[in-house]
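Encoded as structure tokens, the structure appears first; notes follow it.
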Amino acid sequence: SGTLAPHILIIIIWTWVVMVFIVGVMYLVFYRLTEHPFNITPDPRYLYMTKHHREAFNALLYGITQRKGFIELTGEVGTGKTTLCRAVLSQLSRDETIETALILNPSLTETQLLRAILHDFGIRARSRDRLAYLEDLNQFLLKRNSEGANVALVIDEAQNLSSEVMEQVRLLSNLETDQHKLIQIVLAGQPELGQRLSSPDLRQLRQRIQVRYHIPLLTLEETAAYINHRLKMAGNNGTLNFDDKAVETIYKYSHGTPRMINAVCENALLAGFVAGSRTIDQGCVKRAIQHLEGK
């Protein structure tokens, strides 16, 4: 039996995987969708531009294209900061004169951060020394500047950067010419980022931030529009809808946080699928919330 146990476990796991796949396919066929509308991955195609998201998007573009040095973007967990940053980078990628990099893991030392930046810009480091990394980055920035190019770096979850790494980031702003900054740095994070930047030991960094924007949570009306937008992007032709009571319940539970809206809606669609209904009502949403709460 000891020999058979691992094989039985593998069979169980594969059976579960196959069942999940089949249910996923049936779910899409039932709702006549081309893809799952409420995945929590930061896909720029699904970014719903509220008034505030549009303002934040334009603020980031302005700060980067006008070479303002440091830009700060804050918002509560799940408000779409990462998706917004990816959308901005996608927009900038169409301009050959702008080079971009994105750092998603903030739990780095000063040396590891520099190495990650070099790697994302495609720079081959001459050695594994921090000073050499800085020199390589500076040479890269000067070369791109001489070619008429602008360089932008986005650091996500920046509230988790250590004070030492924050200082290293500040020092990067010293890489400049007489006319403008060689690198534009977007610090994106939760509201704690603003609180950290207000501390006395980071005042030099805070003083260099020229563009700031805070993304608020969605309103009830924006929540309804957000849900409809994601359904449309996934191929909904109007046969699938969330009724008003369902949307109100989703809003009350999520407080307008997009990530929580996604979680509730995904489970509500599963509840609707089981019930055989293409209209998601309050009952489906309540069952979804109970599932999320582990009840």
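The values are calculated or read from the model by the stated rules, or taken from the named source; none is laboratory data. On a predicted model such as this, the values are computed, not experimentally measured, just so you know. Cβ atoms come from the backbone with ideal geometry, glycine included; neighbour counts cover every protein chain shown. Remember, those area values only see protein heavy atoms, side chains included, never the ligands or the DNA or RNA. Shrake-Rupley method; radii C 1.70, N 1.55, O 1.52, S 1.80 Å.
Overview of values
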| read-out | value |
| --- | --- |
| Test: residue in segment 29-36 that is buried (at least 20 other Cβ atoms within 10 Å of the Cβ) and over 19 Å from residue 219 (Cβ atoms) | yes |
| Per-region count, segment 228-280, residues under 24 Å from residue 77 (Cα atoms), out of contact with any helix residue (DSSP H, G or I) (no Cβ under 6 Å at 6 or more places or on another chain) and β-branched (Val, Ile, Thr) | 1 |
| Test: residue in segment 145-155 that is in contact with a Lys or Arg (Cβ under 6 Å, 6 or more places away or on another chain) and closer than 25 Å to residue 61 by Cβ | yes |
| Number of positions in segment 250-295 that are among the polar types (S, T, N, Q), in a loop (DSSP other than H, G, I, E, B) and over 28 Å from residue 52 (Cα atoms) | 1 |
| Within segment 44-79, considering residues that are open to solvent by 40 Å² or more (accessible area, probe 1.4 Å) and in contact with a Lys or Arg (Cβ under 8 Å, 6 or more places away or on another chain), the one nearest to residue 215 (Cα to Cα) | 77 |
| Residues of segment 225-249 classified as in contact (Cβ under 8 Å) with a residue 24 or more places away in the chain and within 18 Å of residue 36 (Cα to Cα), total | 15 |
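One line per residue, one yes/no per condition, for (1) polar (S, T, N, Q); (2) open to solvent by less than 50 Å² (accessible area, probe 1.4 Å); (3) in contact with a helix residue (DSSP H, G or I) (Cβ under 6 Å, 6 or more places away or on another chain):
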{"site": "91", "(1), (2), (3)": "yes, no, no"}
{"site": "98", "(1), (2), (3)": "no, yes, yes"}
{"site": "124", "(1), (2), (3)": "no, no, no"}
{"site": "133", "(1), (2), (3)": "no, yes, yes"}
{"site": "142", "(1), (2), (3)": "no, no, no"}
{"site": "154", "(1), (2), (3)": "no, yes, yes"}
{"site": "159", "(1), (2), (3)": "yes, yes, yes"}
{"site": "187", "(1), (2), (3)": "no, yes, yes"}
